Every structure is written in structure tokens, then in C-alpha cells.
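Inspection log for the structure reproduced underneath, given as C-alpha cells.
The values are calculated or read from the model by the stated rules, or taken from the named source; none is laboratory data. Note that this is a predicted model, so its numbers are computed, not measured. Here the Cβ positions follow ideal geometry from the backbone for every residue, glycine too, while neighbour counts run over all protein chains shown. For the accessible areas, the whole protein counts, side chains as well, though only heavy atoms, and no ligand, DNA or RNA atoms are used. Shrake-Rupley method; radii C 1.70, N 1.55, O 1.52, S 1.80 Å.
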Amino acid sequence: MILDCAIIGGGPAGLTAGLYTTRGGLQNVVMFEKGMPGGQITQSSEIENYPGVTGEISGMDLMIPWPAQCQKFGLKHEMVEVKRVSKDGDIFKIHKEDGTTAEAYSVIVCTGSSPRRAGFAGEDELFGRGVSTCATCDGFFYKGKEVAVIGGGDTALEEALYLAKICSKVYLIHRRDSFRSAPNTVERIKRTQNIELVLNSTPQEVYGDAMGVTGLLVKNTDGETRDIKALGVFVFVGNDINNQTLIQENGSFLCEMNKAGEVVVDINMKTSVKGLFAAGDMRLNAPKQVVCAAGDGAVAALGAISYVDELLNH
Ligand code: FAD
Ligand code: NAP
């Protein structure tokens, strides 16, 4: 049986694509998700910027109803890692980790992104409890408090400026004394009174208690250690796009990608390959927010419905 649509990844983008494709009339839609559906937001202890959802709610609690809502309209979930998506004529092939292959007329790839970790002690243990990779999401929890930002690229500096408007003080910790970031952003950082530059320094250990982070030890290139009493530690050391399923046997990508490894899409989430759509954090210039990923998933699904209708009925 050839699926009308295969959805790769079951985060906010994939689940919304599943809701819209099935409710919009596509038959035999399968969402291939390697773990529990929900995506990376399930790692967040609190989300307060999803419209209409008020009160304290964890990322996990936000996502729990999404799969059941999709299944009501016929979405099937297969818990398996997809290794590769390829295309042969009009048919896509979904190569799964277990060695089997599924076939589909359309594919929506929604495998998201993974913020890189810096690799210091305590970072993984306290992730989601004071260590964060999202200032838009978690900055407000540190209103009036001191935080640390790790990194020296555009993301770290822009997020440090964002946090400086909310927090009493931001320690910007960078392993060198010059930044990768745009020069005007560096100037704005230097003009911001409540940002202290901690240069030539790398985090050694973040520590905390049952409530979360209470401080960070950093070491500079002279070997001196400093104890920074920050309650939030924001790590911005780059982001990996989960684009591995698009890599073909010859090493090239199935569709056009940009230099950052993001999938190039148009405003309708169409990629350069007919019938292949991308949505959420993995598409170019993604705002990396749940609401945006969900919106992308809906747009991609509407595109897939039209594409399959055109392919099979005209
Ligand atoms: P993801 O959520 O990354 O989902 C991708 C899914 O694809 C995952 O479930 C993964 O298991 C699956 N997958 C990947 N590769 C494969 C494969 N090969 N085969 C099968 N399945 C695969 N956003 C907000 O709007 N507000 C917040 O408060 C907020 N807080 C955050 C806090 C944290 C700690 C983090 C990490 C992120 C936060 N975000 C927040 C960002 C938000 O989580 C992402 O923008 C959003 O989840 C992106 O959705 P997505 O569906 O594109 O991808
Ligand atoms: P990035 O440019 O790769 O910068 C990552 C930073 O983290 C670097 O300063 C790096 O230090 C540091 N770093 C890496 N690993 C580390 C580790 N283990 N410990 C401590 N520090 C570590 O990543 P990004 O800032 O996320 O930007 C990604 C891309 O998006 C870039 O092309 C950027 O220009 C672009 N971007 C653009 C804008 C904009 O145009 N406004 C905004 C955001 C992002 P080193 O410098 O020493 O390597």
C-alpha cells in the first residue's frame, strides 16, 4: 500500500501536519517518530507563550493531548527511526532503521533541530532546571535575577541583549576575546550596562539544588577559577538541524538546503522536490517556537493535500 502522506518526526510540526492531512481527507497517513511524540518542548519544565494556554503548564503536559487528537482523525503512528527518504519517479521511499521501507505519494519532514550542548559538568543534569537553550522561552523566569550566557556567536549576543532587558545582570561567557557575532551587535553588547563580559573563559561546572541552578564555575586561560552566582545558564553554542534523513546514498541532499543545513522552502513549505514539504525548526529561518512549528505543519499539510489530489486525480 502506498501512503498518501508520510510525516517524519512527531514534534509540534509533525503532529499538526498529521491533524491537518487526516482531517483534510488524506487516506493512510503515517507519522514516523523515533520516540514518544511531542518533540523537544517536552524537555521544558514550563511553557507560557503558547497562545490560549494559560497557567503553569510543562512542555510535556502541553503536548500530551496532541497525538490523541490526530489519531481521532485516522493518523497512524509508527515508532521507528527513519534513516533516509528517497524518491523514485512519483513515489517516495521511507527507509526505516529496522531495514523495512514504506512508500508514499507525499512526505512532510519535521525532524526539528537540536541545540548543541557545550559539554561542561552538570549541564545535562540541570537541563530544563536552570540550564536552557531558549531565552524567549525561559528568560522571563529570571526576571530581576542574574543569569549567564555561554557563547560568542550571533545567537549568544542577541539573546544576551534580550535577557539584559529582563534580568538584573547578564554574564556573557565566551572562550575567546573576540566574537563571531556582527560588529554592531558587539557594540550594543559593550554599551549595555548590565552585561558583564567574561572573556577567555569556559564553563567548568554548573551546580544547583533541588530547586535548580545556583551557580556556575568558569575557568579563564590563565587557569583562574571564578564562581558566578547565576540562577539561569543559557547555552548558545550553535544548533544542529536534524537533516540526516534527507542525505542520499551518494552523500547529496534530496532537496535544496542552505549553508546552515536548513531545508529551503517557499512560503507554502514546499521544498525544491515536488511532493516533499518541510516544516518547523528544520526549515530555513525558523523562529524555533512551538506555535510557529505547528503553523508550518498546517501549511505543509494543506500543500500535501493539494499535491496528492493533483497527482492522483488529474
Ligand atoms: P521538534 O520538536 O524538534 O520535533 C522533532 C521530532 O522529530 C522529535 O520528536 C524527534 O524525536 C523526531 N525525529 C528526529 N529525527 C527523526 C528520525 N530520523 N526519525 C524519526 N523521528 C525523528 N518554544 C516555544 O514556543 N516556547 C517555549 O517556551 C519553548 N521552550 C523550549 C525549551 C526547551 C528546553 C527547548 C529545547 C525548546 C523550547 N522551545 C520553546 C522550542 C520548541 O520546542 C521548538 O521550536 C519546537 O519543538 C520545534 O518543533 P518541531 O516539530 O519543528 O521539531
Ligand atoms: P555559531 O556562530 O556557531 O557560534 C557558536 C559560538 O559558541 C561560538 O562563539 C563558539 O566559540 C562558541 N562555542 C562553540 N562550542 C562551544 C563550547 N563547547 N563551549 C563554549 N563555547 C562554545 O552559532 P550561532 O551563534 O547559533 O549562529 C549560527 C549561525 O546563525 C551563524 O551563521 C550566525 O551568524 C547565524 N545567526 C545570524 C543571526 C543574525 O543574522 N541576526 C542571528 C543568529 C544566528 P568560538 O567563536 O570560539 O568558535
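Under the classification rounded if a/c is under 1.5, otherwise prolate if a/b is larger than b/c and oblate if not, where does region 1-42 fall, given a ≥ b ≥ c as square roots of the Cα gyration tensor eigenvalues? Note, shape of region 1-42 comes out oblate.
Residues whose amide H falls under 5 Å from that of GLU196, counting only those 5 or more places apart or on a different chain, are VAL170, TYR171, LEU172, with hydrogens built in the peptide plane. Structure remark: mean-square fluctuation, Gaussian network model of the chain, C-alpha springs under 10 Å; the largest value among GLY112, GLY144, GLY223 belongs to GLY223. With the cut-off at 1.5 for a/c, could you classify region 131-235 from its C-alpha gyration tensor as rounded, prolate or oblate? It comes out oblate by the Cα gyration axes. Annotation note: GluC sites (Glu not before Pro) in region 101-136 located in DSSP loop regions with a Cβ neighbour count of at most 13 within 10 Å are GLU125. By the rule of a second cysteine Cβ within less than 4.7 angstrom, the chain holds isolated cysteines at CYS5, CYS70, CYS110, CYS167, CYS255, CYS292. Region 71-126 to region 219-239: how many Å between their Cα centroids? Spelled out, the Cα-based centre of one part sits 34 Å from the other.
Residues of region 242-265 falling in the label zone of LEU284, defined by backbone nitrogen less than 16 Å from a point 7 Å along Cα to beta-carbon, are 253-265.
For the chain, the antiparallel share of DSSP beta bridges with both residues in that region comes to about 45%.
Using a cut-off of 25 Å between Cα atoms, the listed pairs LYS145/LYS190; LYS190/LYS288; LYS190/LYS259; LYS169/LYS190; LYS93/LYS274 include LYS190/LYS288; LYS190/LYS259 as exceeding that distance. Modelled spin-label separation between TYR162 and THR54, with each label point placed 7 Å from Cα along the Cα-to-Cβ direction: 2.4 nm. Accessible area per residue (1.4 Å probe, heavy atoms of protein chains only) ranks LYS259, LYS190, LYS145 as LYS259, LYS190, LYS145, with the largest value leading.
Between ASP98 and TYR207, the modelled labels are 4.7 nm apart [label points 7 Å from Cα along Cα→Cβ].
To the nearest 0.05, what FRET efficiency results for ASN258 and ASP177 with a Förster distance of 45 Å applied to their C-beta separation?
Working: r = 30 Å, r/R0 = 0.67.
It comes to 0.90.
Between LYS190 and GLN69, the simple spin-label model (points 7 angstrom out along Cα→Cβ) gives 4.9 nm. With protein chains left intact and a 1.4 Å probe, residues in region 131-235 average 49 Å² of accessible area per residue.
Which shape class applies to the chain: rounded if a/c is under 1.5, otherwise prolate when a/b exceeds b/c and oblate if not, where a ≥ b ≥ c are the square roots of the Cα gyration tensor eigenvalues? It is prolate, given that a/c is not under 1.5 and a/b is the larger ratio. Taking the C-alpha atoms only, the angle from helix 290-313 to the longest principal axis of the chain is near 20 degrees.
Using alpha-carbon pairs under 8 Å, 6+ residues apart, how would you state the relative contact order of region 96-216 in percent?
Working: 162 pairs, mean separation 30.7, N = 121.
Rounded, it is 25 percent for region 96-216.
Ordering LEU311, LEU302 by accessible surface, largest first, gives LEU302, LEU311; the 1.4 Å probe counts only protein heavy atoms, with every chain in place.
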